[in-house]
There are 2 protein chains.
Amino acid sequence: MRLATSTDFGLRVLMRLAAAPGAALSTGRIADELQVSAHHLAKVVRALGRGSFVGSQRGRHGGLQLARPAEAITVGEVVRHLEQRFAMVECFRADGGHCVLAPSCRLKPQLALAREAFMQALDQTTIADCAWPGAGLPIGAASAH
Amino acid sequence: MRLATSTDFGLRVLMRLAAAPGAALSTGRIADELQVSAHHLAKVVRALGRGSFVGSQRGRHGGLQLARPAEAITVGEVVRHLEQRFAMVECFRADGGHCVLAPSCRLKPQLALAREAFMQALDQTTIADCAWPGAGLPIGAASAH
């Protein structure tokens, strides 16, 4: 079973922000620290914004911040939000897919229960539990974008 | 979260075979019934064979059979086997990946626990519970391969 790379990156961003309460970090700086593509990270950050997990402040000292205390954000709700556009298997697609077993399938409900068990396990952990203090880059080393 | 298409197809094959104990069905016939590519299904069947879930009989009346009673095969063990080459996120790769959080990451153990909760939920269901009797194609309608 796989989570999308964008979900993985989204969790890393939140884990980084959780270790910097009160500060505002640019997407470019976080990308530098995480050593991942700033372009890819910007897309992930927009998805985190749509989920009300992060907010951004404009201006010279602007940047990203958690929209809520890290203790109030569970890993489960982040994963549910970022994975919502991915179907676990074909029959979980919005259009229902084309599996010929679909009308009488006795596996689908069991897969749904198992997915819920996965998410509920992740509901037990908050972003605060996973805070990551960063790579200790000096401010000047981070990209300006 | 996603399962591979090959895992999905592998489960469908076992669900079909579970409804035909004592019979031997060709991969081509199963592909026709499932309306999926016989080429793709043949690869999945080889993976199921490596996991000792299916065996094949050669000859005119040959074909695939479950290698064990359907009641003795859990969905969880099938999914574990077919998904073993896929890493849930980067740090679960065999080479460890390149995530800079890896040495001090507090999320990875929680992801591993959640994955185990998913698999344990699927351990509660056997292939027999999900048997699918097929599309009722007449024998002559199935491909010979």
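The values are calculated or read from the model by the stated rules, or taken from the named source; none is laboratory data. Just so it is clear, the structure is predicted and the values come from calculations on it, not from any experiment. Methodologically, a virtual Cβ is constructed for each residue, glycine included, from the backbone with ideal geometry; neighbour enumeration extends over all protein chains shown.
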How many residues does the stretch B:24-61 contain that are over 19 Å from residue B:132 (Cα atoms), over 14 Å from the mean Cα position of the chain (by Cα) and among the charged types (D, E, K, R)?
2
Please find, within the stretch B:1-38, the residue that is surrounded by the fewest Cβ atoms within 10 Å (Cβ to Cβ) out of those that are within 13 Å of another protein chain (Cβ to nearest Cβ), among the charged types (D, E, K, R) and in contact (Cβ under 8 Å) with a residue 12 or more places away in the chain.
B:32
For the stretch A:69-127, which residues satisfy the criterion of being small (Gly, Ala, Ser) and either touching a residue at least 40 places away in the same chain (Cβ under 8 Å) or not in a helix (DSSP H, G or I) (or both)?
A:70, A:72, A:76, A:87, A:94, A:96, A:97, A:121
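Let me confirm something: among B:115, B:60, which residue is surrounded by fewer than 18 Cβ atoms within 10 Å (Cβ to Cβ) and either away from every other protein chain (no Cβ under 14 Å) or among the basic types (Lys, Arg) (or both)?
Being surrounded by fewer than 18 Cβ atoms within 10 Å (Cβ to Cβ) and either away from every other protein chain (no Cβ under 14 Å) or among the basic types (Lys, Arg) (or both) holds for just one of B:115, B:60, which is B:60.
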Take the stretch B:39-55 and flag every residue that is in contact (Cβ under 8 Å) with a residue 24 or more places away in the chain and not charged (D, E, K, R).
B:40, B:41, B:44, B:45, B:47, B:48, B:51, B:53, B:54
Counting only helices (runs of 4 or more DSSP H) entirely within the stretch A:1-54, those with at least 3 residues that are of a type in the set (Lys, Arg) are A:38-50
Say whether the condition of being within 30 Å of residue B:18 (Cβ to Cβ) and polar (S, T, N, Q) is met by at least one residue in the stretch A:73-82.
no
Is it the case that some residue within the stretch A:74-85 is surrounded by 14 or more Cβ atoms within 10 Å (Cβ to Cβ), away from chain B (no Cβ under 14 Å), within 21 Å of residue A:6 (Cα to Cα) and under 16 Å from the mean Cα position of the chain (by Cα)?
no
Among (1) over 11 Å from the mean Cα position of the chain (by Cα); (2) within 10 Å of another protein chain (Cβ to nearest Cβ), where does residue A:66 come up short?
(2)
Does residue A:127 qualify as being at pLDDT 95 or above, within 10 Å of chain B (Cβ to nearest Cβ) and within 13 Å of the chain's Cα centre (by Cα)?
yes
